[in-house]
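The values are calculated or read from the model by the stated rules, or taken from the named source; none is laboratory data. No experiment lies behind these values; they were computed from the predicted model shown. As a convention, Cβ positions derive from the backbone with ideal geometry for all residues, glycine included, and neighbour counts pool all protein chains shown. These accessible areas exclude ligands, DNA and RNA; they are computed on the full protein's heavy atoms, side chains included. Shrake-Rupley method; radii C 1.70, N 1.55, O 1.52, S 1.80 Å.
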Amino acid sequence: MPELLKVSITEDINRRSGASLRIIVPMKQVPDMRQVKFDTEKGKVDRSSAAAEINPFDLHALETAVQLKEKLGAAVTAISMGPRRAEVALRDALARGADSAVLLEDSKFAGADTLATSYTLACAIRKLGGFDLIICGEKTVDGDTGQVGPELAEHLNIPHLAYVSKLVEAGEKLVAVCDMEGEAHIVEASLPVLLMVTKDINIPRLPTFRDKAMARKAEVTIWNAEELSSFADPSRFGIEGSPTRVRKVFLPSEEGRKGKIFRNTNEEAISDVAQAILDFLG
Amino acid sequence: MINAQQLQEIVGEDWVITKREQMESYLVDETAVAIRPKPADNVILVKPASAEEISEILKLANRELTPVFVRGGGTGICGGAVPIRDGIVLSTERLDRIEEVDRANLMVVAQAGVAFGAMLKAVEDAGLFFPPHPGAENAHVGGLVACNAGGVRAVKYGVIRNFVRGLEAVIPTGEILMMGGKLLKNNQGLDLMHLFINSGGTLGVITKVIFRLCPKFISSGTLVISYDNRHEAIDTVPEILQSGITPLAIEYVERNVIEISARRLGMRWPAAKGQAFLIVMLTGDSEDEVYAQGERVSNICEKHQAVDILIAERKEEQADILKIRSEVYSSLKDNVADVLDITVPPASIGVMMDKVDTIAQRFDTTIPTYGHAADGNLHPHLMRDLHERGILRQVKREIYQEAIKLGGVITGEHGLGVVRLPDLDLCPDGKTWELMRGIKRVFDPNNILSPGIGLL
Ligand SMILES: Cc1cc2nc3c(=O)[nH]c(=O)nc-3n(C[C@H](O)[C@H](O)[C@H](O)COP(=O)(O)OP(=O)(O)OC[C@H]3O[C@@H](n4cnc5c(N)ncnc54)[C@H](O)[C@@H]3O)c2cc1C
């Protein structure tokens, strides 16, 4: 039996009683990682080398939000920081059940590390007004840090639950199963709270053709740095607000299978085999 | 009969296998167990590395009158790769090099033992596209050509035959032939290359293939269209084609089979509504073009009582649908006595489906049916109960007769192999089979290559 740990989190900001949930789903547009090429000299992902799509983990976050909406009633807002083309991802989110979408687009946001990204998202979420739940994916497939979610929760001064693989209860309070390296923790939290969900939580649905065709033409709200200014310190946006420096990016080399044939069956051959296994195990 | 030592002199001692327990997996293919032919008792497995070694083996076999059975990926489902007589299994697995992806000419040159999936990947990595997609990605390139495989994406671009531009093959008397090349036109005499396509290992051992490629499409989307009624689903198909839209694929599947496949793969079939489904794959030069096609397809489907239409655009979502579809046969195999491969003119597919239903009712059974609907190609699955009740052959022949009455054939893509031969008496004869046997004699005067397979 995994150890069951009960944590009760009691902070409660902005909670409106009775009304349906307000859920925010931060999403990132990422390159298709099976196709993307790495510019090893510049130490960067060459984003032009592959088609862009919603970060796969974020689809699970959106699906969680849409399922809550179906069960409890909710207004789901998808929000993304990125270039104008990230509108495509947000429109996809609208087709998959989000009610509204906001894109944060400004050259001042460019070059952001996880700190500046989470800060910018937090400012926009403040501007949006109240919320009950923020649901993020576990991490993004291009950065792989898993930092934006917790940082966002810190900026907003709310608790967060990471590695959520199941929601047991959601309403006045929230009870979730968090997968912690081989242990499942059942955690209880009051709202508002930020969740980071794993891929195990659900299988994202496909949009209907009609919804998608309509969403392709739907309006996405776009906010620039100026529009966030009353909620933000602009020096914390983009590259200026990013303490992270990437020194080097490199690809591990791929080693194929290597076969070796041992022909003899005598003692010596057997110790050769044993030695080869030991060498392999290091 | 050739002995192991003679073969070792040609290919080296590591590549001749005589112990039965080391060759079990080379003695069967993916044919359903109830009808799978029994492999012979005295078999030697040989794995040559080049056309030259194959030439030496065939010369030897021709001299010693030893039967040779050619084996690719072993994914065939009509018993074609099973050694049904004492002799040699010749596996092409060591001919596994992709020699070239020629972007200038839009061609790929691959040795016969290259796995289909590996070739697809190499082509995709080069930014190009190979349209046909027979379900088994572990089939070999040579096997695809030997079977003229069809598969899912044949509606817009055609089957494997439409993509073969050149072939290297070794004939039973040992000569190595190069037919065709990186050519789009070739009228230099009778087209022997096309004789090898769907020759199923009877005319020669294919050792190298040149396939034509296509530029990659820019945008694509896969529609999953749900119906409550299988006939409404099937009736939609000719109408889509008549409307002037030619999708990459139009597949027909039913909930009872597609869910078994999804479960086996640990995946989930995306459509929650409906019992019968069309999978329509659309491609275009822009997303707008795909959506314009999708709009027209949706209008037609809704007229036919479609209950839901989903779209997958993300690459992995589209790939998941194709994967679940491709693995249907593997997931049903253990409970299936025979999977048929009837093909009728595309507009007759609705009538054919009605006939299958009537026959199922009459014999008090269910016949799960899916297939490449736009190609008129259906795979009714005759389940094990028919075999146990001793009426498998009777049900099969009734379905065949209906297909033939509609102007169809008993196999559209799997080939005759061993298991389809006993029912060839139903097919219009004329002089055709005699001519085919004559051609076989020209290439293989001593009938050493795949004897008893593919030809009466
Ligand atoms: C899950 C599944 C899905 C499938 N889906 C499809 C489908 O959608 N469409 C379709 O058409 N088929 C399908 N098939 C059938 C099969 O994959 C194809 O017929 C394929 O072409 C067989 O290739 P192979 O290399 O496995 O050939 P094998 O099974 O090894 O051999 C098949 C025949 O080809 C001959 N042969 C093989 N290699 C050579 C060679 N180099 N030279 C001469 N003769 C050779 C053999 O002698 C034998 O007669 C499916 C099979 C499975 C198991």
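Observations
- Dipole magnitude of segment A:118-168, debye to nearest 20 (Cβ charges: Lys/Arg +1, Asp/Glu -1, about Cα centre): 180 debye
- Eligible aspartates and glutamates near residue A:166 by straight Cα distance, threshold 17 Å, same-chain separation 8 or greater: A:3, A:58, A:63, A:70, A:138, A:179, A:181, A:183, A:188, A:200
- A straight line joining the Cα centroids of segment B:401-434 and segment B:339-354 runs 14 Å.
- Accessible surface of residue B:370 - all protein chains present, 1.4 Å probe, nearest 10 Å²: 10 Å²
- Cα shape, segment B:329-431, gyration tensor, a/c 1.5 rule: rounded
- Positive-end residue of B:373, B:292, B:319, charge dipole of chain B with Cβ unit charges: B:373
- The solvent-accessible area of residue B:78, taken with every protein chain present and a 1.4 Å probe, is close to 10 Å².
- Cut-off 9 Å between beta-carbons: net charge of the residues surrounding residue A:237, Lys and Arg +1, Asp and Glu -1: -1
- The alpha-carbon of residue B:405 sits under 22 angstrom from the alpha-carbons of these lysines, leaving out residues fewer than 8 places away in its chain: B:355, B:396, B:431.
- Assigned charges on the beta-carbon of Lys, Arg, Asp, Glu; segment B:362-430 dipole about Cα centre (debye): 140 debye
- 3J(HN,Hα) couplings calculated from phi for segment B:194-205 with the Karplus curve 6.51 cos²θ - 1.76 cosθ + 1.60 (θ = phi - 60°) are, in sequence order, 5, 5, 6, 6, 6, 7, x, x, 9, 9, x, 9 Hz; Gly and Pro show x.
- Filter on A:108/A:139; A:258/B:121; A:199/B:273; A:260/B:59 - keep pairs with C-alpha separation over 26 Å: A:260/B:59
- Label-zone membership for segment B:31-63, site residue B:86, 7 angstrom Cα→C-beta point, backbone N under 20 Å: B:38-46, B:58, B:60-63
- Neighbourhood net charge (9 Å Cβ-Cβ; Lys/Arg +1, Asp/Glu -1) for residue B:231: -3
- Per residue value of the accessible surface for chain B (all protein chains in place, 1.4 Å probe), Å²: 40 Å²
- For residue B:105, net neighbour charge (Lys/Arg +1, Asp/Glu -1) across residues whose Cβ lies under 15 Å away: +2
- Listed by chain and number, the aspartates and glutamates placed with their C-alpha closer than 13 angstrom to that of residue A:37 are A:46, A:142, B:125; residues fewer than eight positions away on the same chain are left out.
- The largest accessible area among B:178, B:193 belongs to the first residue in B:178, B:193, and the rest follow in falling order (1.4 Å probe, all chains).
- Entries in B:47/B:216; A:248/B:323; B:156/B:323 that, when Cα-Cα distance is taken, lie over 30 Å: B:47/B:216; A:248/B:323
- Between residue B:265 and residue B:289, the simple label model (points 7 Å from Cα in the Cβ direction) yields a spacing of 2.7 nm.
- Mean residue ellipticity (222 nm) of the protein assembly as shown, computed from DSSP H runs ≥ 4 via -39,500 (n - 2.57), nearest 500: -9000 deg cm²/dmol
- Mean separation of Cα pairs under 8 Å and 6 or more residues apart, divided by the residue count, gives chain A a relative contact order of 25 percent.
- Looking at chain A alone, DSSP beta bridges between its own residues are antiparallel in about 40 percent of cases.
- For the pair segment B:113-141 and segment A:54-120, the centres of their Cα atoms are 36 angstrom apart.
- Accessible carbon and sulfur surface of segment A:3-241 relative to its total accessible area, %, 1.4 Å: 50 percent
- Note on chain A: with a GNM built from Cα contacts shorter than 10 Å, the maximum mean-square fluctuation among A:70, A:255, A:87 falls on A:255.
- Given R0 = 22 Å, the distance between the Cβ atoms of residue B:424 and residue B:394 translates into a calculated FRET efficiency of 0.85.
- For residue B:125, the accessible area of its heavy atoms, probed at 1.4 Å with every protein chain present, is near 100 square angstrom.
- Dipole moment magnitude, nearest 20 debye, chain A about Cα centre, only Lys, Arg, Asp, Glu C-beta charged: 940 debye
- Positive-end ranking of B:104, B:221, B:44 along the dipole of chain B, with charges on Cβ about the Cα centre, is headed by B:44.
- Separation in nanometres of the label points that stand 7 Å from Cα toward Cβ, at residue A:46 and residue A:168: 5.0 nm
- Percent of beta bridges antiparallel (DSSP, the protein assembly as shown, rounded to nearest 5): 70 percent
- Dipole axis of segment A:3-241 (+1 Lys, Arg; -1 Asp, Glu on Cβ), positive-most option in A:20, A:149, A:174: A:20
- Relative contact order for segment A:171-238, counting Cα pairs under 8 Å that sit 6 or more residues apart, in percent: 18 percent
- Look at where the Cα atoms of segment A:236-282 and of segment B:15-94 average out, and the two centres are 37 Å apart.
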